[in-house]
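Enquirer: Below is a structure I'd like to ask you about.
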Amino acid sequence: MSDSFDVAKPALFGAEGELILLRAAVDPRFLEELLDALAQLDFPVNPELHHRLGQVVVEFPAYDRHIEEVGKILRKAGLDALVLQVCGVLAETATN
């Protein structure tokens, strides 16, 4: 008997695709601009902030179909230099 799922890459799926974790590190001077941009998205965002030396890491769950929308909002806000990381939610939870 074989399992039909990949144990190494657990995932959650819903009607809008795979639930993922989006993460971006920003200079503290641009944190307000980033949060204002995220507030303009068409889905609710509840960001978690992690303060590190010289930067703030902002992360929030979203469905993968929203990645392009987030990128457009960041570009519109002038934050196109920001690197947006995409991580699996369950994989991140297991390592934290």
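Enquirer: Please compute the contact order of the stretch 23-90 in relative form: average sequence separation of alpha-carbon pairs under 8 Å and at least six residues apart, divided by the residue count, as a percent. Could you put the intermediate results ahead of the total?
Expert: Details: 73 pairs, mean separation 29.2, N = 68.
Once divided by the residue count of the stretch 23-90, the mean separation gives 43 percent.
Enquirer: Okay, moving on. Taking 0.36 nm per residue of separation and subtracting the Cα-Cα distance, what length does fully extending residue 50 through residue 68 add?
Expert: Between residue 50 and residue 68, full extension yields an extra 4.1 nm.
Enquirer: Within the set of other residues whose C-beta is less than 12 Å from the C-beta of residue 66, count the net charge using Lys and Arg as +1 and Asp and Glu as -1.
Expert: Values: positive: 65, 72; negative: 16, 18, 42, 64, 68, 69.
Local charge sum for residue 66: -4.
Enquirer: What percentage of all Cα-Cα pairs in the stretch 23-90 are separated by more than 15 Å?
Expert: Details: 1083 of 2278 pairs.
Here the long-distance tail beyond 15 Å is 48 percent of all Cα pairs in the stretch 23-90.
Bear in mind that the values in this text are calculations on the coordinates, not laboratory data. Bear in mind that the values here come from a model prediction, so they are computed numbers and not experimental data. No Cβ is skipped: glycine too gets one built from the backbone with ideal geometry, and neighbour counts run over all protein chains shown.
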